[in-house]
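This report refers to the structure that appears directly beneath it.
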Amino acid sequence: MKKNRIQELAADIASGNYSKSIDLFGGANLIIQTNQARDDYKNHHERYPQDVLVFSDNAYEYSWLVFQLQEIFRDSENSINKPFYYTNIGEIINEGIDKNWTKEVIMMNVIISCLVD
């Protein structure tokens with residue numbers, strides 16, 4: 001069932017049928033923020049070196065994706081609920097940003113990482 005929901009989520013993203021979150025995601029060692037907030041986190045790693053920080057103009061879309069995945073895996077023993085997997089999601093997003101991938105490609109790579117696990 002969860003695999004079907006992830007596949008539906010992937011189909012929505014592929015067709016451009018995704019949304020923006022009202023809130024930005026922050027928790028489980030992953031913080032997603034807009035580029036404008038970058039200066040606010042300049043010294044963040046001094047206190048929280050384990051956190052993965054994502055800064056993007058698409059922060060609300062990436063947050064939406066994380067919240068969707070969180071809901072899919074909410075009552076599951078799947079590791080999406082463990083901090084390592086949230087940081088892995090952040091690393092995938094950051095890699096995509098660094099490589100100038102489109103937000104849809106980045107989101108699909110996050111989904112693929114959830115299916116591989």
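For first residues located in the stretch 1-25 and more than 15 Å from Ile111 (Cβ to Cβ), partners that are in a loop (DSSP other than H, G, I, E, B) and lie 6+ apart or on another chain with Cβ distances below 9 Å form the pairs Lys20/Asn58; Leu24/Thr34. The single residue among Asp51, Asp57 that is free of Cβ contacts under 8 Å to residues at least 40 places away in the same chain and farther than 18 Å from Trp101 by Cβ turns out to be Asp51. Scanning the stretch 53-79 for residues that are surrounded by fewer than 14 Cβ atoms within 10 Å (Cβ to Cβ) and either outside any loop (DSSP other than H, G, I, E, B) or in contact with a His (Cβ under 8 Å, 6 or more places away or on another chain) (or both) turns up just one, Glu71. Checked against the criterion of being modelled with pLDDT under 95 and either out of contact with any strand residue (DSSP E or B) (no Cβ under 7 Å at 6 or more places or on another chain) or not aliphatic (A, V, I, L, M) (or both), the candidates Asn78, Asn109, Asn58, Asn100 yield just one match: Asn78.
Within the stretch 25-52, the set of residues being in a loop (DSSP other than H, G, I, E, B), in contact with a strand residue (DSSP E or B) (Cβ under 8 Å, 6 or more places away or on another chain) and modelled with pLDDT of 95 or more comprises Phe25, Thr34, Asp51.
Within the stretch 25-52, being crowded, with 18+ Cβ neighbours inside 10 Å and at negative phi holds for Phe25, Leu30, Ile31, Ile32, Gln33, Asp51, Val52.
Filtered by the rule that a residue be part of a loop (DSSP other than H, G, I, E, B) and surrounded by 14 or more Cβ atoms within 10 Å (Cβ to Cβ), the stretch 1-24 gives Tyr18, Ser21, Leu24.
The values are calculated or read from the model by the stated rules, or taken from the named source; none is laboratory data. Here the structure is a predicted model, which means the values were calculated and not measured. Positions of Cβ are generated from backbone atoms using ideal geometry, with glycine treated the same way; all protein chains shown enter the neighbour counts.
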